[in-house]
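What follows is a set of notes on a single structure, which appears directly below.
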Amino acid sequence: GLVGTLPTSFVLSGHSAGGGFATAAGGYYAADPSSGGNLRGVVMFDGFSFSGVVPDALQRLDNPYIPVYQIAAPPQPFNSNGATTAELVAARPGQFVGVTLANGSHVDSMLGSNPIIDFFAQLVTRFSPAGNTEAVYTLATGWINDLYQGLGPADGAGIYGAPDQYIVMGDTAAVVLATPPVVDLDRYLGTWYEVGSVKQFFSIGLVNTTAQYSLNPDGSIRVENSGNYFVNNGPESRIVGAALPVEGSQNKLNVAFFFGSPSTNPPGNYWIVDLDPDYQWAIVTDFTGLSGFLLTRTRTVSDDFYQELLNRASVKGVKGRITPTRQPAADTVTV
């Protein structure tokens, strides 16, 4: 409804539904031949929209190319469980389109105006970790300054990164937005050690937790999970099952332990949501996000790397509380 002359150069931005609206408005502006081409970019603050709005706008913003960046919180109800962030990544795969803040709140970008409003806003959504709001300011300022100068990830002064890159920013951390991992199951086979997990009733007190994956004669994956209760060489727990990839998926499987052969029907109950390119670590959950496993090829990891895995799990949608899994067998010396 604005009537008048727009600035010579401008950036659109918005929080939540306003972020999706800013992207949609940018798409309509870019498609208008009389607009003058003054839009430099769009920055969303955990933006979301109804399905199809952002992908449709991105098509209009592709020629000429207008950057759209997102500072996202992990999937949660207030950002439509990350649906718009996923649409943005899918529409521009392999490109820098933003980051997700570890353990972030939907209101990370909104805090600081009034302590009472801040408290109730976080009470409704979730509490923002220390440093997240400052990280939002730092990221957005760098990107917007670059947009006005026609700069980007290759030559700008802002903070960017490659897809799935882990970025530490003072008290907080972020992961660059990326498509789900493409999993080569042959490389995924072998022995994995659990260094952390969302504990289930059967895994309380379990140490030396190990998962071994191998091929069955019928082409399914043999799954053998084992561990000891309480101490090294304590009572052993062992369970064997089978897994099959979900049809049409490259990172989701169905694992069955008790009820016959696994199904290939979605959604699957074993989602590999983050994976080292060299297959040295993996983060696994399910479609609810209530389960979570931090797997590595070594029995132990450094404290800093364990924190990185925790942050990555948050970013990738693990909602359950992850606690460390002890591996006392790592202290055993064989002579």
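The values are calculated or read from the model by the stated rules, or taken from the named source; none is laboratory data. What you see is a predicted model, and the numbers here were worked out from it, not measured in a lab. All Cβ positions, even for glycine, are placed from backbone atoms using ideal geometry, and neighbour counts span all protein chains on display.
List of remarks:
- Hey, Ala174 closer than 21 Å to Ile272 by Cα and not in a helix (DSSP H, G or I) or not: yes
- Residues satisfying the stated conditions in the range 321-335, i.e. modelled with pLDDT under 95 and either in a loop (DSSP other than H, G, I, E, B) or surrounded by 17 or more Cβ atoms within 10 Å (Cβ to Cβ) (or both): Thr332, Val333, Thr334, Val335
- Of all residues in the range 128-143 being in a helix (DSSP H, G or I) and touching a helix residue (DSSP H, G or I) at 6+ places or on another chain (Cβ under 6 Å), the one that is nearest to Val99 (Cα to Cα): Val136
- The range 130-147 - residue that is of a type outside the set (A, V, I, L, M) and either surrounded by 23 or more Cβ atoms within 10 Å (Cβ to Cβ) or in contact with a Ser or Thr (Cβ under 6 Å, 6 or more places away or on another chain) (or both) and, of those, farthest from Gln70 (Cα to Cα): Gly131
- Any hit, the range 295-314, residues being more than 16 Å from the chain's Cα centre (by Cα) and farther than 20 Å from Thr191 by Cα: yes
- Qualifying residue in the range 285-308 (condition: closer than 21 Å to Phe201 by Cα, at pLDDT 95 or above, of a type in the set (S, T, N, Q) and in contact with an Asp or Glu (Cβ under 7 Å, 6 or more places away or on another chain)): no
- Any hit, the range 273-283, residues being over 20 Å from Leu101 (Cα atoms) and in contact with a strand residue (DSSP E or B) (Cβ under 7 Å, 6 or more places away or on another chain): yes
- Number of residues in the range 70-84 that are over 14 Å from Ser128 (Cα atoms), in contact with a strand residue (DSSP E or B) (Cβ under 8 Å, 6 or more places away or on another chain) and small (Gly, Ala, Ser) equals 1.
For (1) crowded, with 21+ Cβ neighbours inside 10 Å; (2) over 18 Å from Gln149 (Cα atoms), each residue gets a yes or a no:
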{"site": "Pro7", "(1), (2)": "no, no"}
{"site": "Gly20", "(1), (2)": "yes, yes"}
{"site": "Gly36", "(1), (2)": "no, no"}
{"site": "Val43", "(1), (2)": "yes, no"}
{"site": "Ser49", "(1), (2)": "yes, yes"}
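- For the range 51-66, residues that are under 17 Å from Asn79 (Cα atoms) and surrounded by fewer than 23 Cβ atoms within 10 Å (Cβ to Cβ) total 4.
- Those residues of the range 313-333 which are among the hydrophobic types (A, V, I, L, M, F, W, C) and touching a strand residue (DSSP E or B) at 6+ places or on another chain (Cβ under 8 Å), in sequence order: Ala313, Val315, Val318, Ile322, Ala329
- Residues (surrounded by 16 or more Cβ atoms within 10 Å (Cβ to Cβ) and either under 23 Å from Arg312 (Cα atoms) or under 25 Å from the mean Cα position of the chain (by Cα) (or both)) located in the range 193-206: Tyr193, Glu194, Val195, Gly196, Ser197, Val198, Lys199, Ser203
- Evaluated against (1) modelled with pLDDT of 95 or more; (2) aromatic (Phe, Trp, Tyr); (3) surrounded by fewer than 18 Cβ atoms within 10 Å (Cβ to Cβ), Phe259 falls short on exactly one condition, (1).
Yes/no per residue for (1) free of Cβ contacts under 8 Å to residues at least 24 places away in the same chain; (2) farther than 23 Å from Gly41 by Cα; (3) touching a Leu at 6+ places or on another chain (Cβ under 6 Å); (4) surrounded by 13 or more Cβ atoms within 10 Å (Cβ to Cβ):
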site	(1), (2), (3), (4)
Ala83	no, no, no, yes
Ala91	no, no, yes, yes
Gly112	yes, yes, no, no
Pro115	yes, yes, no, no
Phe119	yes, yes, no, no
Leu123	yes, yes, no, no
Phe127	yes, yes, no, yes
Leu177	no, no, no, yes
Arg187	no, yes, no, no
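- When the strands (runs of 3 or more DSSP E) confined to the range 190-308 are screened for residues that are polar (S, T, N, Q), those reaching at least 3 such residues are found at 206-215, 221-229.
- Exclusive hit being within 22 Å of Leu6 (Cβ to Cβ), assigned by TED's automatic domain parsing to the domain that holds Gly14 and at pLDDT 95 or above, set Leu123, Leu58, Leu101, Leu88: Leu58
- Residues that are in a loop (DSSP other than H, G, I, E, B), among the polar types (S, T, N, Q) and within 32 Å of the chain's Cα centre (by Cα) within the range 3-52 comprise Ser16, Ser49, Ser51, listed in sequence order.
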